[in-house]
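FYI, it's all coordinate maths here, none of it is from the lab. What you are looking at is a predicted structure, and each value in this text was computed from that prediction instead of being measured. Every residue, glycine as well, gets a Cβ built from its backbone with ideal geometry; the counts of neighbours run over all protein chains shown.
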Ligand SMILES: [Zn+2]
């Protein structure tokens, strides 16, 4: 049997002639602070847990949040820089050993410029059940053939060797659910990773609510989902990010300080 072909999607079908801009030029630190605040506002962050790391193109150092600050209070000047082994080389604060989840994934995955980890509530409901979300809505197409489940919990990932083992298990997936723990999201850009992170919590909430009905959800075809996935990655991620940035700055311009 031939493999099904993906329906066309993304920029080859339609590209906007113009899109609303963020309106200000952001430094990398300002953009990252906005990403933390936005995802906290989406319910993605469990108080001060988790990290976002951003390895700029061509480099191995990473921008990251320090230990002890909540995602919703971060400002650009709080952002630290660590080297590829997680030693702090710039910034006022320290980082936890849990950052090795990120350093080892960056080391293995050239495409993962941004790695996001936290414990969003509905992701954690499914993580407690040890399952991936069933993709029951078109936005779920974003995660088509791109999810990994690490089905057993084995304690804190607090050393480079444990993190390297985890990174190997994740392989090329951009979305990994860790049983009894949380989620890891990767992206080629900050916009792409933030869009996936914001989307996965809603995808898991929807999947959970559909499970509660006890009824079989209507199915989408792989081909239609593959076309939709392309559209979401190529068209939606950057535009989503620009809107998230505008609204976050408007809510509290101090995020840029
Ligand atoms: Zn965690």
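What Kirkwood Rh does segment 48-98 have if only Cα atoms enter the pairwise 1/r average? Answer in Å. Computed over Cα pairs of segment 48-98, the Kirkwood hydrodynamic radius comes out at 11.0 Å. Taking other C-beta atoms within 10 angstrom as a stand-in for reagent exposure, 192, 29, 12 fall in the order 12, 29, 192, fewest first. Approximating the spin labels as points 7 Å out from Cα along Cα→Cβ, the residue 88-to-residue 251 distance works out to 2.6 nm. The protection proxy used here, the mean number of other Cβ atoms lying within 10 Å of each residue, ranks peptides 226-234, 210-218 as follows, highest first: 226-234, 210-218.
Have a look at the DSSP beta bridges in segment 132-219 and tell me what percent are antiparallel, nearest 5. Approximately 50 percent, going by the DSSP bridge assignments. In the elastic network of the chain, a GNM with C-alpha springs shorter than 10 Å, the most mobile of 11, 105, 184 is 11. When the chain is treated as a GNM with alpha-carbon contacts under 10 Å, the residue of 239, 114, 19 showing the greatest mean-square fluctuation is 19.
How large is Rg/Rh for segment 26-245, to two decimals, with Cα atoms and a Kirkwood Rh?
Details: Rg = 16.6 Å, Rh = 17.4 Å.
Over the Cα atoms of segment 26-245, Rg/Rh equals 0.95.
Taking other C-beta atoms within 10 Å as the exposure proxy, 85, 238 rank 85, 238 from fewest upward. Using only alpha carbon pairs under 8 Å that are at least six residues apart, calculate the relative contact order of segment 181-257 and give it in whole percent. Relative contact order comes out at 34 percent.
Mind checking the log10 I(q)/I(0) for segment 1-47 at q = 0.19, 0.25, 0.31, 0.32 Å⁻¹? Debye, one equal scatterer per Cα, no solvent, two decimals. So the normalised log intensities work out to -0.83, -0.93, -1.07, -1.10.
Looking at the square roots a ≥ b ≥ c of the eigenvalues of the Cα gyration tensor of segment 181-224, which shape do they give, rounded for a/c under 1.5, prolate if a/b is larger than b/c, or oblate? The shape class here is oblate. Averaging the Cα positions of each part gives two centres, and for segment 76-132 and segment 1-31 these lie 25 Å apart.
Taking other Cβ atoms within 10 Å as a rough exposure proxy, 67, 14 sort from fewest to most as 14, 67. Peptides 144-153, 199-208 ranked from most to least packed, by the mean per-residue count of other Cβ atoms within 10 Å: 199-208, 144-153.
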